[in-house]
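A.B. asks: Structure below; questions to follow.
The values are calculated or read from the model by the stated rules, or taken from the named source; none is laboratory data. What you see is a predicted model; the values in this text were computed from it and never measured. For neighbour counting, all protein chains shown are included, and Cβ atoms are generated from backbone atoms with ideal geometry for every residue, glycine included.
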Amino acid sequence: MAAGGFSKLPNGTVVVALNLPAAAPDGVGGVRVLVHARNRARALTRLRNLGLRAVYLRGNAAPPTPDEITAVLHHPDGLIWRTSRDHAVGVPAGPPELWHPIRSLLRPHTPAQAS
């Protein structure tokens, strides 16, 4: 389950924003995922098809900001993420992190090979 929200655009499509919890034991951080889709159900299906099976949108507590909507609309995949450390308690605020394509989050990390 994830906190988040959505915004319906004038052309009928939606931008869904989800705050996913961190996998780290301390719980600091997490990621904010933005999805542009035809409707809310299709946005969640896109995430589930990528392996994020337990993602649900309950309510509209944290809808995407206008800057977030602009970012996801300008990305060719319409699916981006960044860490949500800016909203974590006890983390100093700095310049916001840039948005990343979703494949960089889901890509398996392999250790560098020594030559």
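A.B. asks: Might you let me know whether the range 87-108 holds any residue that is of a type in the set (D, E, K, R), at pLDDT 60 or above and in a strand (DSSP E or B)?
C.D. replies: Checked the range 87-108: no residue is of a type in the set (D, E, K, R), at pLDDT 60 or above and in a strand (DSSP E or B).
A.B. asks: What are the residues in the range 12-34 that are modelled with pLDDT of 95 or more and among the polar types (S, T, N, Q), if any?
C.D. replies: Within the range 12-34, just Thr13 meets the criteria.
A.B. asks: Hey, another quick one. Please go through the range 65-81 and give me each residue that is out of contact with any helix residue (DSSP H, G or I) (no Cβ under 8 Å at 6 or more places or on another chain) and of a type in the set (D, E, K, R), ordered by number.
C.D. replies: Of everything in the range 65-81, those that are out of contact with any helix residue (DSSP H, G or I) (no Cβ under 8 Å at 6 or more places or on another chain) and of a type in the set (D, E, K, R) turn out to be Asp67, Glu68.
A.B. asks: Restricting attention to the range 59-74, which residues are in contact with a Ser or Thr (Cβ under 7 Å, 6 or more places away or on another chain) and outside any loop (DSSP other than H, G, I, E, B)? Even if it seems obvious, please write down each step before you answer.
C.D. replies: Kept after step one, since they are in contact with a Ser or Thr (Cβ under 7 Å, 6 or more places away or on another chain), are these residues of the range 59-74: 63-64, 69.
Correct list: Ile69 only.
A.B. asks: Further, regarding this structure: Among residues belonging to the range 35-58 that are modelled with pLDDT of 90 or more and in a loop (DSSP other than H, G, I, E, B), point out the one that is surrounded by the fewest Cβ atoms within 10 Å (Cβ to Cβ).
C.D. replies: Of everything passing the filter in the range 35-58, Arg38 is surrounded by the fewest Cβ atoms within 10 Å (Cβ to Cβ).
Let's see how each residue does on (1) within 20 Å of His100 (Cα to Cα); (2) in contact (Cβ under 8 Å) with a residue 40 or more places away in the chain:
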| site | (1), (2) |
| --- | --- |
| Gly30 | yes, yes |
| Leu34 | yes, yes |
| Arg40 | no, no |
| Leu44 | yes, no |
| Asn49 | yes, no |
| Arg53 | no, no |
| Gly59 | no, yes |
| Asp67 | yes, no |
| His74 | yes, no |
